[in-house]
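To start, the structure itself, in structure tokens.
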Amino acid sequence: MAALKLGNGGWKRYGLFWPFLTALSLLLILGPAPSWATDPGQAASPPGAEGKDASLTEVNKQLSNPVSSTWSLSFQQNNYLLEIGLPGKDDRWQSNLVFQPVLPVALTKDWNLITRPVLTLFNSTPYPDVELSPVPRVEIERTTAFGDTIWMEMVSPGPSISGNWLLGLGPTFIFPTASSDFTGQDKWQVGPAALVGYLSKGFILGAFLQNWTSFAGDSGRPGTNQMNLQPIAAFFFGEGWSIGYSGNILANWKADSGDVWTVPLGWESAKWSKSANFPSNSVWRDSTCPFILTVSGKNGTYSSA
């Protein structure tokens with residue numbers, strides 16, 4: 001698909017790709033209510049305060065489970081302080097907003113198809129602007145634009161087959177939907193996605209892995225081979241409360257040996273409340289990384305899943 005590039009900022013337009021992707025997402029989200037391959041022995045929560053507490057805890061568990069039978073629509077705002085590394089230049093903030101629906105549909109009574117798109121609605125990032133004349137200098141500019149889009153399809157067995165184990169396998173894609181060279185990689189990418197985990201009454205533990213390799217795109221941009229590993233760890237308490245690990249481990253397999261890994265360490269606390277008979281995220285919902293351990297010195301542009 002031909003791209004039209006305008007100016008030095010690297011802006012481009014990918015024909016009907018974004019409208020098509022948006023329409024497809026809305027069709028999946030607003031279409032007929034799906035059926036799910038669920039545990040046939042699961043009972044409804046009892047009425048009263050105890051039932052409400054159990055219901056909120058169950059909602060929390062379902063939304064912490066990447067292959068649950070529950071549809072969810074979420075927006076996530078991420079803010080990072082980037083070290084510029086140039087004399088006389090202060091650090092700059094990078095910010096992005098992503099839309100992350102999880103859309104499970106039953107293939108049979110025992111198998112689900114999980115669709116997990118991640119649409120970067122905007123990515124605001126600083127970048128160096130080099131001027132060679134009249135005097136060579138480097139200024140830090142900023143661009144705000146669409147980012148690349150992740151689209152994952154995963155087949156997962158229901159509880160009637162896997163019990164408390166969480167299992168899934170399928171393909172994952174990155175589409176070059178970024179509208180600026182500085183907010184995307186301009187490469188069509190594909191690779192495997194896999195999930196292994198365990199969900200009990202009081203906790204969830206697991207790992208969700210995606211790896212992408214470029215196969216087409218702008219020949220002037222470097223090829224990609226990168227991984228996103230999301231550790232899943234949360235402990236559930238009463239009244240919809242939970243606490244767990246937060247952060248995605250990134251690997252750029254094409255980087256130099258000292259620049260491959262980025263490992264964030266952080267925690268997440270969550271509180272769910274119920275409003276108008278609809279489970280909604282309360283103001284107590286919080287996700288924060290108090291510090292980040294970066295094993296690598298630098299990395300490419302990644303999208304969080």
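Quick look at the numbers
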read-out: Residue within segment 245-267 that is in contact (Cβ under 8 Å) with a residue 60 or more places away in the chain and either assigned to a loop (DSSP other than H, G, I, E, B) or under 20 Å from the mean Cα position of the chain (by Cα) (or both) present; value: no
read-out: In segment 228-243, the residues that are surrounded by fewer than 20 Cβ atoms within 10 Å (Cβ to Cβ) and of a type outside the set (S, T, N, Q); value: Leu229, Pro231, Ala233, Phe235, Phe237, Gly238, Glu239, Trp241, Ile243
read-out: Residues of segment 156-192 that turn out to be within 18 Å of the chain's Cα centre (by Cα) and either within 19 Å of Leu209 (Cα to Cα) or small (Gly, Ala, Ser) (or both), as a count; value: 15
read-out: Residue check, Ile249 of a type outside the set (Phe, Trp, Tyr) and surrounded by fewer than 21 Cβ atoms within 10 Å (Cβ to Cβ); value: yes
read-out: Matching residues in segment 63-110 - criterion: being in contact with a strand residue (DSSP E or B) (Cβ under 9 Å, 6 or more places away or on another chain) and among the β-branched types (Val, Ile, Thr); value: Val67, Thr70, Ile84, Val98, Val102, Val105
read-out: Condition check for Ser180: farther than 16 Å from Arg116 by Cα, surrounded by fewer than 21 Cβ atoms within 10 Å (Cβ to Cβ) and hydroxyl-bearing (Ser, Thr, Tyr); value: yes
read-out: Qualifying residues in segment 97-141 (those that are of a type in the set (S, T, N, Q) and more than 30 Å from Glu83 (Cβ to Cβ)) - the one surrounded by the fewest Cβ atoms within 10 Å (Cβ to Cβ); value: Thr108
read-out: Single residue of segment 183-212 satisfying the filter (β-branched (Val, Ile, Thr) and crowded, with 17+ Cβ neighbours inside 10 Å) that is nearest to Asn60 (Cα to Cα); value: Ile204
read-out: Residue among Pro134, Pro126, Pro117 that is in contact with a Leu (Cβ under 7 Å, 6 or more places away or on another chain) and either within 30 Å of Val190 (Cβ to Cβ) or modelled with pLDDT under 90 (or both); value: Pro126
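The values are calculated or read from the model by the stated rules, or taken from the named source; none is laboratory data. Please read these numbers as outputs of a predicted model, since none were measured by experiment. Every residue, glycine among them, receives a Cβ derived from its backbone with ideal geometry; neighbour counts consider all protein chains shown.
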